[in-house]
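Okay, so here's the structure we're looking at.
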Amino acid sequence: MTHHVVIVGAGFGGLAAAQGLAGADVKVTIIDQRNHHLFQPLLYQVGTASIATSEIAWPIRHLMRARKEVTTLLGVVTGVDTRSRAVLLEDGGMTNYDTLVLATGARHAYFGHDEWEPYAPGLKTLEDATTIRRRVLLSLERAERETDPTRRAALLTFVIVGGGPTGVELAGAIAELAHHNLPPEYRHIDTRQARVVLIEAGPRILPSFTEDLSAYAHASLERLGVEIQLKQAVRECSEQGVIYGDRPLAAKVVLWAAGVRASAAAAWTGLPADNAGRALVEPDLTAPGHPEIFVIGDTATINAWHGKPVPGIAPAAKQQGLHVARTIRMRLRGHTTQRLFRYQHSGNLATIGKRAAVIDFGWLKLRGWLAWWIWGLAHIYFLIGVRNRLAVALSWLWIYVTGSRSACLITQGEHRPRSP
Ligand SMILES: Cc1cc2nc3c(=O)[nH]c(=O)nc-3n(C[C@H](O)[C@H](O)[C@H](O)COP(=O)(O)OP(=O)(O)OC[C@H]3O[C@@H](n4cnc5c(N)ncnc54)[C@H](O)[C@@H]3O)c2cc1C
């Protein structure tokens, strides 16, 4: 019988594991609750109307079309029966495995206030991005028709909670949209008067970067017209806006870019987990007591970066996926020794609007337009396929030259996606 590898989740980790198994003597089944692989680093650009959804997502089935040994299934995994070695699906189905790779990622968390989610959507899926785009554009549309100055001010106030890379990128892009791209399109409001407020609980934005790069990002955002509130924890999110510190701020659009909660993979397998629900795995990325189960990417945690926890970023998930594939290949050849995972960090990147970025490669720190070009080229390089690379490059060039964003579309209702 051919060895059957089941991979749950076709994000960066799961896809890398599948790619790493190309040519191996295995049968692979990929199960994902969505039919597409998503390039999350550019999601904020869908949310801010720079690019279209199809430019950063690919049907998994299509990506695996040349791999006859790979079966792709659309389904929501709800559990794992480790005794009978079966993955359990929401619709009552099950799939047996010889080796299981759990790569189900994470989602934003509201620090125990899940009731805030309807008022402050986060950014993780295409549906999240189009929800954000819809809310931002609808708020501007309503402001155009609003005659009451107080209500209009609330419609023109955009709050972003969380000063990590996603919050910074969202704040910069919304400020650029409102202050530079949209003014010629409205007749009754001046979108340059829109307030973009970034609220961060810590003492500085981009805490994973060095202090000078973080200070540069702060100054660049302020130049774009973003108001930054540091050392301010949000205490309340509601239809009216937010309360941070003891200050209420009326805002019709609040976006959440703080906090992470891992998928339920740890609970499915009865594994110990950290405070964010990430499974604590063995040094070879297996589940303790279950060498046939690997847990990788954002849904796991491991101190494999010179003794520090591996960061929850795409290259880390990819490296783990490839490590798992190599381990499976070695095992098939009869090698049973534990292969320890070691994370290689290549750097941190974040962009601030369309002319500035910060890059920290450790050996090289860059900021400004050169960093922005490197950020842009790196992201285009990591997209899959020539068509998408060209489409994104063309969209950026178009916005850069004309200042006009063609993806300003209000679509779909208030559909909320399922959490992983
Ligand atoms: C807005 C945003 C911006 C980011 N920017 C960057 C960046 O600039 N650079 C960077 O390196 N990293 C960035 N990241 C982080 C990066 O995207 C993640 O670290 C990476 O996606 C983790 O890969 P993963 O394979 O663990 O999970 P994911 O890529 O999230 O994939 C998980 C997959 O599992 C599926 N799944 C989940 N639950 C189930 C279930 N129950 N049943 C079936 N399928 C399920 C999901 O549908 C998904 O396809 C960003 C993340 C976000 C959200």
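Rounded to a whole number, what is D in µm²/s for the range 219-362 from Stokes-Einstein with the Kirkwood radius over alpha-carbon pairs (4 °C, 1.567 mPa s)?
Working: Rh = 18.5 Å.
My calculation gives 70 µm²/s for D.
Counting Lys and Arg as +1 and Asp and Glu as -1 over every other residue whose Cβ lies under 11 Å from the Cβ of GLY297, the net charge comes to +1. In the range 167-295, the alpha-carbon atoms span a convex hull of 170 Å³ per residue.
Each other residue within a Cβ distance under 14 Å of VAL28 adds +1 if Lys or Arg and -1 if Asp or Glu, for a net charge of +2.
Taking a point 7 Å from the Cα of VAL401 along the Cα-to-Cβ direction, the residues of the range 146-188 with backbone N closer than 20 Å to it are 181-182.
Between the amide H of LEU285 and those of PHE341, distances stay under 5 Å, these residues lying 5 or more places away or on another chain, with hydrogens modeled in the peptide plane. In order along the range 86-100, the phi-based Karplus estimate (6.51 cos²θ - 1.76 cosθ + 1.60, θ = phi - 60°) of 3J(HN,Hα) comes to 9, 8, 9, 10, 4, 7, x, x, 8, 9, 7, 9, 9, 10, 10 Hz; Gly and Pro are listed as x.
Cross-link reach is defined here as a Cα-Cα straight distance under 26 Å, omitting same-chain residues fewer than 8 places apart; for LYS354 the lysines meeting it are LYS124, LYS252, LYS365. Extent of the range 319-400 along its three principal axes (Cα atoms, max minus min coordinate, largest first): 55, 32, 14 Å.
3J(HN,Hα) couplings calculated from phi for the range 178-190 with the Karplus curve 6.51 cos²θ - 1.76 cosθ + 1.60 (θ = phi - 60°) are, in sequence order, 6, 8, 10, 8, 8, x, x, 8, 10, 10, 9, 10, 9 Hz; Gly and Pro show x.
Between THR210, THR402, THR82, the residue with the greatest mean-square fluctuation in the GNM of the chain (Cα pairs under 10 Å linked by springs) is THR402. Full extension of the segment from ALA233 to SER54, taken as 0.36 nm per residue of separation minus the current Cα-Cα distance, would add 60.9 nm. Where in the range 322-359 does the amide nitrogen come within less than 13 Å of the point 7 Å from the Cα of TRP369, taken along Cα to Cβ? Counting backbone N atoms under 13 Å from the label point, the list is 354-357.
Centre-to-centre, using Cα atoms only, the range 354-373 and the range 1-43 are separated by 32 Å. When each of the peptides 351-364, 231-244 is scored by the mean number of other C-beta atoms lying within 10 Å of its residues, the order from highest to lowest reads 351-364, 231-244. Rounded to the nearest 500, the 222 nm mean residue ellipticity of the chain from helices alone is -9000 deg cm²/dmol, with -39,500 (n - 2.57) taken per DSSP H run of at least 4 residues. Relative contact order for the chain: what percent, with Cα pairs under 8 Å and sequence separation of 6 or more? The value is 20 percent.
Modelled spin labels at ARG247 and ALA22, positioned 7 Å past Cα toward Cβ, are 5.3 nm from each other.
Remark: the ASN303-ARG331 segment gains 7.7 nm on full extension, using 0.36 nm per residue and subtracting the alpha carbon distance. Computed about the Cα centre, the dipole magnitude for the chain is approximately 960 debye when only Lys and Arg (+1) and Asp and Glu (-1) carry charge, each at its Cβ. Solvent exposure of VAL76, expressed as accessible area, is near 30 Å², computed with a probe of 1.4 Å over the protein chains only.
Using only Cα positions of the range 42-154, each an equal point scatterer, no hydration layer, compute I(q)/I(0) via Debye at q = 0.19 Å⁻¹ and quote the log10 values to two decimals. Log10 I(q)/I(0), no solvent term: -1.17.
At a Förster radius of 56 Å, what calculated FRET efficiency corresponds to the Cβ-Cβ distance of TYR381 and GLN240, to the nearest 0.05?
Values: r = 43 Å, r/R0 = 0.77.
Result of the calculation: an efficiency of 0.80.
Around the amide H of HIS37, modelled in the peptide plane, lie the amide H atoms of TRP58, ILE60, all under 5 Å away and 5 or more residues distant in sequence or on another chain.
Quarter the surface of the alpha carbon convex hull of the chain and you get the mean projected area, 20.6 square nanometres. At the residue level, LEU224 shows approximately 30 square angstrom of accessible surface with a 1.4 angstrom probe and all protein chains present. If you wrap the tightest convex hull around every Cα atom of the range 1-96 and split its volume per residue, you get 112 Å³.
For HIS4, the residues 5 or more places off, or on other chains, whose built amide H falls under 5 Å of its own are LYS27, ASP98, THR99. Comparing GLY347, GLY163, GLY122, which has the greatest mean-square fluctuation in the GNM of the chain with Cα pairs linked when under 10 Å apart? So, out of GLY347, GLY163, GLY122, the one fluctuating most is GLY347. Here the range 292-322 and the range 70-147 have alpha carbon centers that stand 20 Å from each other. R0 = 45 Å: FRET efficiency of ARG223 with LEU280, Cβ-based, nearest 0.05? That gives a FRET efficiency of 0.60. Surface composition of the chain: carbon plus sulfur atoms hold 54% of the accessible area, using a 1.4 angstrom probe and ignoring ligands, DNA and RNA. Here is what passes the span test in the chain: the DSSP H helices with alpha carbon length of 24 Å or more along the helix axis and a Kyte-Doolittle mean of -1.0 or above are 126-145, 314-332.
The values are calculated or read from the model by the stated rules, or taken from the named source; none is laboratory data. In this text, all values refer to a predicted model and were calculated from it rather than measured experimentally. So basically every Cβ, Gly included, is an ideal-geometry build from the backbone, and we count neighbours across all protein chains shown. Areas reflect the complete protein model, heavy atoms only, side chains present, ligands, DNA and RNA absent. Shrake-Rupley method; radii C 1.70, N 1.55, O 1.52, S 1.80 Å.
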